[in-house]
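Values quoted throughout were computed directly from the atomic coordinates according to the rules given, and no laboratory measurement underlies them. Computed from a prediction, not measured in an experiment: that's the story for all the values here. Positions of Cβ are backbone-derived with ideal geometry, glycine not excepted, and every protein chain shown enters the neighbour counts.
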């Protein structure tokens, strides 16, 4: 039967990509349907119970700046918060939170249920209704047809999912949940390049069977950072510590002697796993000289004893898992509540996507999350938000939006995916961002919230909070630039005393803030003592901008060049092979990737300045001919 | 020299001393940073958009020659210009609508051929040792970045990347590698100092004829200098603008009389001091398998150093084709056949290949190395200040500049090194 309601956007999947997609589409006004196999698992964290981390909290803050749910939900569910890289410079500073799985699911489900324009339906999708290369709707398991011109697929590891424990394997989307094989079959028939990836989880433990006294304790940092700019630490639930233990020579011996029963080493697993998240058997083999590997013991939540021993993900048989776990300090009598497993799943080559996350071959079909070869909740959420937004915009007849590489990690992520593709599950690292110094978590709102408001993603509450912050920063900047220390005057003497910096000519306080030895705290108290009204958080934010200013200016020139290249569009069917002078290798690469602009072409590996000049000339000729035709 | 850009008024004023009237040829002195004259010539200024490229264009026509050219180029670049990419003037003209759309194909072809030429020139200037050393520096930078980037992206690993990296010492080592290479590259250009070229070989192979041939065709600019001894004859000539000090030696042969032995000794020391030795042989003797004696001293000069050039003279007697055959240059000093090829081969040793290609390529490499050195020093300061993120940024820029010479290091290369070097991840 056909469901009576016509939707603008249907989102398939209720994970981190799916929920952000559905929320974003609904937020900008699209009549949206979220289809999930199980409403109970909406917002489920299938891997470790932590959100954020280096590069990843940058993404979360950007999702937050664009009105997404992930950061607020993390604050409501976070049971341990820490700042990473606190001494390595503000650009690379990051926030990590351990989250209570149940609280997190509740927070996400509450956000979904509270959203206007958003309907939820529980049913597995088995087919897409495609007519003349465009989407018209989807069919569910029970034969129900939902109609919508835009469909966002966020199927995670469920497409053709196969779970391995030892040499045994069976179909599965997550432990205990069925894969989406009918849909996988259907998608494999589309002209999209499909391949397999692999990821894994460790066995989970019963906390009552573990001795924490043998482990190092890691508590929340106080005062606690928050994930969302809108939160304060008061929304955090009770905080509990994590623990740290290590594998040892005996653990490694147990693993080494069982490699003949490892699906990884016997060839049963063909998918490629992430190099930065290796299984414990991988670590033991590849780094044979190490006699210990860290195990980070994360609590699964406040209302459960279950633990997630991060660092020993494995697909070895259960008896080996148990022996290996019990060889670890503190785990001697540990009870395993769920065995670790590896999962192989289908992903689609993201080079077949446009930067809007819409597939090139099927109009109205969008992909987000692990289906694109990425890994991580944060990477999924960022893509989901973008795909949901652009699906809704397309439904309303508006052009897509995607931030540039110099505007957001979201832009780096999408650009890397659509121009370079993936060779292993893609995870964000700050080193992927060439404009890392400007893409900070502290300024995610300054970079994106105005745009988010314009797109309709940002509600009134967030907008007025942002406007207040911006007013304070502008006022603070004016004050700091206006107050001048003159050698010998009272202010200069106090500053020299407080900072140890010499002042040998008249200089504004903002200029002084640029010096490496000067920090916001000492400067603020000197100013406040002299009756100059400034807030330390404002000065601290301005300090970051002052310290990076020289680098920003250097990058501005580079960005201006990139921008100019972004303005030169290449038609979707631009014929790269017709360009004489390009090597055949380059022609093939460009034809396969079909960059949408000169700037994107410039990032295809192997494109030289000369090749770019050729492209520029041909793009201009092409545009001229189009005009004449 | 042609300069094109959005606004050239400052550059024009600083070099010419005034803003020349648009579209008028003006006689001017081209000044260096201290105001001293580099050259005197014609300055032509075209204001945008009435110019070849559609931008401000400044043309400086001087007396030329690589030395003057080099100084002028250095000056313009110091004022904010950069070397044009191959075909870039035409490209800009096209993009600014100064060239008809119908000519796009021709423009593209030009860029293509110009860049292929430049690539070949760069290849030539990238001799094995130079590129090996840039690669060595690039590797050292990557090795250090592996630590700095891992320290940032994998801060929760139990590895003290920063302590292990020994960053300050590594940066010092990198800086001195770059400095050494920059110094040597400057010397290697042989543009300012010129080149010492010695003609050597057994008696009667035509060394003096070759000397005379090279002198004769340079008559207009040659000053003969009488030999300081009766057996060494010296003369200054110029090949493609490079000053060449040419020395003709006594025939190399063991066991002559006392005067001749002294001559041979002198020839030996001249050869040892030379930038380039032309070892001349007699084609008619070589053709009948003779000339083993001619090996003698000349062959002791190791050709692999690039300081020796084999010249087969008298090909008019054997009908061999003239020209540069790779392992030797075949000439006839008598008829002049092949002498042009010999001249080009000498210029190549000086770092100046036919045309400007290799020279510009080398200039670009030097620019890149100099900028890289700046980033290296800045990185050292940032490490001192404890700014890990800024040190990493300087190193990224440093590697990007080296990448202009030896190819780009991508983020994937970097991550691959990190994952290969350390056990990372949970």
- Most packed first (mean Cβ within 10 Å per residue), the peptides A:329-340, B:34-45 order as A:329-340, B:34-45
- Using only atoms on other chains, find how many Cβ atoms lie within 10 Å of each Cβ of peptide A:83-91 and report the average. 5
- Query: Got the relative contact order for the stretch A:460-563 handy, in percent, Cα pairs under 8 Å and 6 or more residues apart?
  - Reply: 25 percent
- Query: Label points 7 Å out from Cα along the Cβ direction at residue A:318 and residue A:558: separation in nm?
  - Reply: 5.3 nm
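Taking other Cβ within 10 Å of each residue's Cβ, how do A:1, B:211 sort, fewest first? All intermediate terms of the calculation are to be shown ahead of the outcome.
Working: A:1 7, B:211 22.
In increasing order of surrounding Cβ atoms, one gets A:1, B:211.
Can you give the relative contact order of chain A as a percent, counting alpha carbon pairs under 8 Å and 6+ residues apart?
Working: 1349 pairs, mean separation 104.9, N = 629.
Reported as a whole number, the value is 17 percent.
Using just the helices of chain A, give the 222 nm mean residue ellipticity in deg cm²/dmol: DSSP H runs with n ≥ 4 each add -39,500 (n - 2.57), and the total is spread over all residues, rounded to 500. Working shown, then result.
Numbers: 20 runs with 232 residues, N = 629.
So the helix-based figure for chain A works out to -11500 deg cm²/dmol.
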- Note on the structure: Restricted to the protein assembly as shown, the DSSP antiparallel beta bridge percent, nearest 5, is 65 percent
- Anisotropy class of chain A from Cα gyration tensor, a/c 1.5 cut: oblate
- Cα shape, the stretch A:64-132, gyration tensor, a/c 1.5 rule: prolate
- Message: Taking each pair of distinct Cα atoms in the protein assembly as shown once, what is the resulting Kirkwood hydrodynamic radius in Å?
- Response: 33.5 Å
- For chain A, percent of DSSP beta bridges that are antiparallel (nearest 5) comes out at 70 percent
- How well do other chains shield peptide B:401-413, expressed as the mean number of their Cβ atoms within 10 Å of each residue Cβ? 2
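If you take the square roots of the eigenvalues of the alpha-carbon gyration tensor of the stretch A:200-242 and sort them as a ≥ b ≥ c, do you get rounded (a/c under 1.5), prolate (a/b over b/c) or oblate?
Numbers: a/c = 2.84, a/b = 1.90, b/c = 1.49.
Prolate.
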- Item | Mean-position separation - Cα centroids, the stretch A:1-64 and the stretch B:126-184, in angstrom | 44 Å
- Item | Sorted peptide list for A:137-147, A:353-363, criterion being average Cβ within 10 angstrom, highest first | A:353-363, A:137-147
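Given 0.36 nm per residue, what is the gain on full extension from residue A:290 to residue A:535 after removing their alpha carbon distance, in nm?
Numbers: separation 245, 0.36 × 245 = 88.20 nm, distance 4.86 nm.
Once the chain is fully extended between residue A:290 and residue A:535, it gains 83.3 nm.
Among B:77, A:47, A:242, which comes first, then next, by fewest other beta-carbon atoms within 10 Å?
Ascending number of Cβ neighbours within 10 Å: B:77, A:47, A:242.
Which ordering of A:42, B:205 is given by a fewest-first count of other beta-carbon atoms within 10 Å?
Numbers: A:42 24, B:205 29.
Fewest to most other Cβ atoms nearby, the residues stand as A:42, B:205.
Summarise the partner chain shielding of A:614-621 as one whole number: the mean count of Cβ atoms from other chains within 10 Å of each residue's Cβ.
Working: counts 8, 1, 5, 16, 4, 2, 7, 8.
Mean inter-chain Cβ contacts per residue within 10 Å come to 6.
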- Sorted peptide list for A:55-63, B:7-15, criterion being average Cβ within 10 angstrom, highest first: A:55-63, B:7-15
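Over the stretch B:1-81, what is the relative contact order in percent, taking alpha-carbon pairs closer than 8 angstrom and at least six residues apart? Don't jump to the answer; show the numbers that get you there.
Details: 137 pairs, mean separation 24.9, N = 81.
In percent, rounded to a whole number, it is 31.
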- Query: How far is it, in nm, from the label point at residue A:474 to the one at residue A:451 when both lie 7 Å from their Cα along the line to the Cβ?
  - Reply: 2.1 nm
